[in-house]
Amino acid sequence: MTDVQRETALYIDGRWVPGGGADLEVVDPATEEVTGVITQASTDDVETAVAAARAAFPGWAATSVAERAAVLRRVRDVIAERAEVFAGLIQRELGAPPKVARALHVDTPVAVIDATIDALERFAFTSEIGNSLIRHEPVGVVAAITPWNLPLHQVVVKVIPALAAGATVVLKPAGLTPLAAFELARAFDSAGLPAGVFNLVPGSGRVVGDLLTRHPGVDQVSFTGSTPVGRQIAGVAAETLKRVTLELGGKSASVVLADADDELFAKAVKITVANCFLNGGQTCTALSRLIVPESRIAQAEELAAAAAAKYAPGARLGPLVSAEQRKEVESYLDPASGGSDAVTVYGGAELPERGYYVSPTVISRVDPDSRLAQEEVFGPVLAILAAGSDDEAVAIANNSIYGLGGAVWGADDDAALAVAARLQTGQVDVNGGAFNPGAPFGGFKQSGTGREIGAYGIADVCEIKAVQR
Ligand code: NAD
């Protein structure tokens, strides 16, 4: 165990204090070796952190927008200066390939911080309706509970808007990937964030996550993770009628309309494959269903297989986060998961000897009601589905309990935008529209409730008060 990152202290009330919980090993999914050891928070640590966040709240809520923007800008600068350190940690805990570790896992959250500071400086904390003064007031203490798939980004999209609003935060990062959160706590510390405004309590969901969700000293739970756990959290939070933001699973569709010419068709397939396989397929907005006109299914299969072949496991394609996750994903590699007519058009790539890798896989002629079309895989498995018409494509896309992301490809921009309006999802990219770090992010249906990032993320952690004069 050489070169093991050790984090034995928790960041509570502006100090590094020894954690009272059990140690937890962090495994590099690319090597299957222990790469870190952290000490988790005890329930006493959680109590101390919530008390610190409560005590810090009135002072932080009373700061000016300019003061909060200045601190957040310093945090942003520290993260940008230490980008390689963050990327290195995320490479270790998630097995992310170096380029992905930097661009997706560090540069994107930095862009989100920039956009959120910009939104803060424009945010209308007060406005007027007739004789009423409308005030947006920070909710109080926000408990942020985050998943393992984007160890820095998932934390940033919750914590930065909350701090921008004037709320204080207790963060419980994912047990599989907690290392980046410790580095973030150091960034807050060196940026001069006042004591108690941000607190870090790593630990299990069952103990630390559950205690935060039940705690009367927590005003809002902001959770990103799986839909079953989100449902459970909503139930527990209801006991104290806490406000809840839930960013949950997805089964996003990429819809290619009948009027797409060959060039656009090829671009649509290539970008859909890239999006589906990003981060080893472990993104909540993965375009995991490609819906194409029936008459062009063979063309889609050929293009998707060629694109998938470029994602060599161990090079461009990283591993899955854990052996359990790999087992889960492997259950979708049999084409029968896509129904009786489904066929594998790409799969069985050579895997490195070590690491939790699976082959990138493309399964076509998938039944829209099958397990593969309905369930979130969270791995590099693309389902291709055929639609008899654009209307049928929209119906297939909306045939899901989820409603997180989506894409539309069409020659006529207005027609493509009209289809985007019919998709029941929180995000839609038309003809390759890029991720916008200032746009609201969240889901329809069982993909969640509430919005993160930018002005909408700030509003999400505010109470609204009407004062009549
Ligand atoms: P998960 O639901 O297992 O865990 C998420 C977090 O919740 C972890 O920190 C975990 O410790 C904690 N937790 C678990 N049980 C808890 C409980 N009973 N009470 C309180 N906290 C608890 O999810 P995961 O496996 O870490 O992440 C993958 C999932 O996250 C996928 O379903 C994916 O779609 C989803 N996700 C959603 C988004 C989004 O923005 N919509 C983004 C990324 C990931």
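The values are calculated or read from the model by the stated rules, or taken from the named source; none is laboratory data. Because the structure is a prediction, the values reported are computed rather than measured. Virtual Cβ from ideal backbone geometry, glycine too; neighbours counted across all protein chains shown.
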(message) Please return the ranges of strands (runs of 3 or more DSSP E) entirely within segment 162-243 where 2 or more residues are within 20 Å of Gln5 (Cβ to Cβ), at pLDDT 95 or above and within 16 Å of the ligand (Cβ to nearest atom).
(response) 168-172
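Here's the yes/no breakdown for (1) closer than 30 Å to Glu25 by Cβ; (2) buried (at least 23 other Cβ atoms within 10 Å of the Cβ):
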{"residue": "Ile129", "(1), (2)": "no, no"}
{"residue": "Arg135", "(1), (2)": "no, no"}
{"residue": "Pro138", "(1), (2)": "no, yes"}
{"residue": "Val142", "(1), (2)": "yes, yes"}
{"residue": "Thr146", "(1), (2)": "yes, yes"}
{"residue": "Leu150", "(1), (2)": "yes, yes"}
{"residue": "Val159", "(1), (2)": "yes, yes"}
{"residue": "Thr168", "(1), (2)": "no, yes"}
{"residue": "Pro173", "(1), (2)": "yes, yes"}
(message) Looking at segment 45-94 only, could you name the residues that are over 22 Å from Leu152 (Cβ atoms) and among the basic types (Lys, Arg)?
(response) Arg54
(request) Could you tell me which numbered condition Ala307 fails, if it satisfies all but one of (1) out of contact with any Lys or Arg (no Cβ under 7 Å at 6 or more places or on another chain); (2) in a helix (DSSP H, G or I); (3) of a type in the set (A, V, I, L, M)? (result) (1)
(request) Would you please list the contacts, defined by Cβ atoms under 7 Å and residues six or more apart or on different chains, that run from a residue in segment 306-330 that is surrounded by fewer than 18 Cβ atoms within 10 Å (Cβ to Cβ) to a residue that is not in a loop (DSSP other than H, G, I, E, B)? (result) Ala309/Tyr346
(message) Which pairs turn up if I take residues in segment 270-287 that are in the same structural domain as Ile384 (by TED's automatic domain parsing) and look for partners that are of a type in the set (Phe, Trp, Tyr) and in a helix (DSSP H, G or I) with beta carbon separation below 9 Å, at least 6 apart in sequence or on another chain?
(response) Ala286/Phe277
(request) Of all residues in segment 358-376, count the ones that are buried (at least 24 other Cβ atoms within 10 Å of the Cβ) and not polar (S, T, N, Q). (result) 7
(request) May I ask you to verify whether Thr31 is surrounded by fewer than 16 Cβ atoms within 10 Å (Cβ to Cβ) and more than 18 Å from Pro151 (Cβ to Cβ)? (result) no
(request) Look through Val273, Val269 and report the one residue that is away from the ligand (no atom under 15 Å from the Cβ), over 22 Å from the mean Cα position of the chain (by Cα) and of a type in the set (A, V, I, L, M). (result) Val269
(request) Please verify whether segment 267-278 includes one or more residues that are crowded, with 24+ Cβ neighbours inside 10 Å and among the aromatic types (Phe, Trp, Tyr). (result) yes
(message) Restricting to segment 244-266, give me the number of residues that are near the ligand (Cβ under 10 Å from one of its atoms) and charged (D, E, K, R).
(response) 2
(request) Starting from residues that are farther than 22 Å from Leu385 by Cα and of a type in the set (A, V, I, L, M, F, W, C), keep the ones in segment 331-357 and report whichever is surrounded by the fewest Cβ atoms within 10 Å (Cβ to Cβ). (result) Leu351
(message) Suppose we keep only residues that are within 14 Å of the chain's Cα centre (by Cα) and of a type outside the set (A, V, I, L, M) within segment 281-296. Which one would you say is farthest from the ligand (Cβ to nearest atom)?
(response) Gly281
(message) Being more than 16 Å from the ligand (Cβ to nearest atom) and either in a helix (DSSP H, G or I) or not assigned by TED's automatic domain parsing to the domain that holds Ile12 (or both) is the filter here; which residues of segment 120-161 pass it?
(response) Leu120, Glu121, Arg122
(request) Please go through segment 336-354 and pick out each residue that is over 15 Å from Ala308 (Cα atoms) and within 28 Å of the chain's Cα centre (by Cα). (result) Ser337, Gly338, Pro352, Arg354
(request) Kindly provide the set of residues from segment 314-337 that are out of contact with any strand residue (DSSP E or B) (no Cβ under 8 Å at 6 or more places or on another chain) and either aliphatic (A, V, I, L, M) or at positive phi (or both), ordered by number. (result) Gly314, Ala315, Leu317, Leu320, Val321, Ala323, Ala336
